[in-house]
Amino acid sequence: MRDIWRRDPTAIAGPDAPAVELSAISDRFGWLDAPTHLAGHIDAAVKFAEGVKEDGITDVFLLGMGGS
């Protein structure tokens, strides 16, 4: 886990992975910074959630597409 926080792509692909693969993995560690980037938006997120509840929305679908 410590290697991921150091943004070490070999923690995912292994030390023998091709350089192209390691480079691609290195570009995908941005999610580690999400809490820092989103910290200033907590009040807006809470306000949005309260509005959704007030509007009677009870179901939410999260759709995504990833490389794994």
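The values are calculated or read from the model by the stated rules, or taken from the named source; none is laboratory data. As the structure is a prediction and not an experimental result, all values here were calculated from the model. Virtual Cβ from ideal backbone geometry, glycine too; neighbours counted across all protein chains shown. Ligands, DNA and RNA are excluded from the accessible area calculation, which covers all protein heavy atoms including side chains. Shrake-Rupley method; radii C 1.70, N 1.55, O 1.52, S 1.80 Å.
List of remarks:
- Two-site FRET efficiency, residue 24 against residue 62, from Cβ-Cβ distance with R₀ of 22 Å, rounded to 0.05: 0.35
- At most 14 other Cβ within 10 Å, DSSP loop - chymotrypsin sites (Phe, Trp or Tyr not before Pro), the chain: 61
- Taking 0.36 nm per residue of separation and subtracting the current Cα-Cα distance, fully stretching the chain between residue 13 and residue 34 would add 5.3 nm.
- Average accessible surface for the chain: 91 Å² per residue, computed with a 1.4 Å probe over protein heavy atoms with every protein chain in place.
- Sparse-neighbourhood loop sites, trypsin sites (Lys or Arg not before Pro) in the chain - DSSP loop, at most 12 other Cβ within 10 angstrom: 6
- Computed over every Cα-Cα pair of the chain and binned at 5 Å starting from 0, the pair-distance distribution P(r) comes out as 3, 13, 15, 15, 14, 12, 10, 8, 6, 3, 1 percent.
- Accessible surface of the range 20-68, 1.4 Å probe, proportion on carbon and sulfur as whole %: 61 percent
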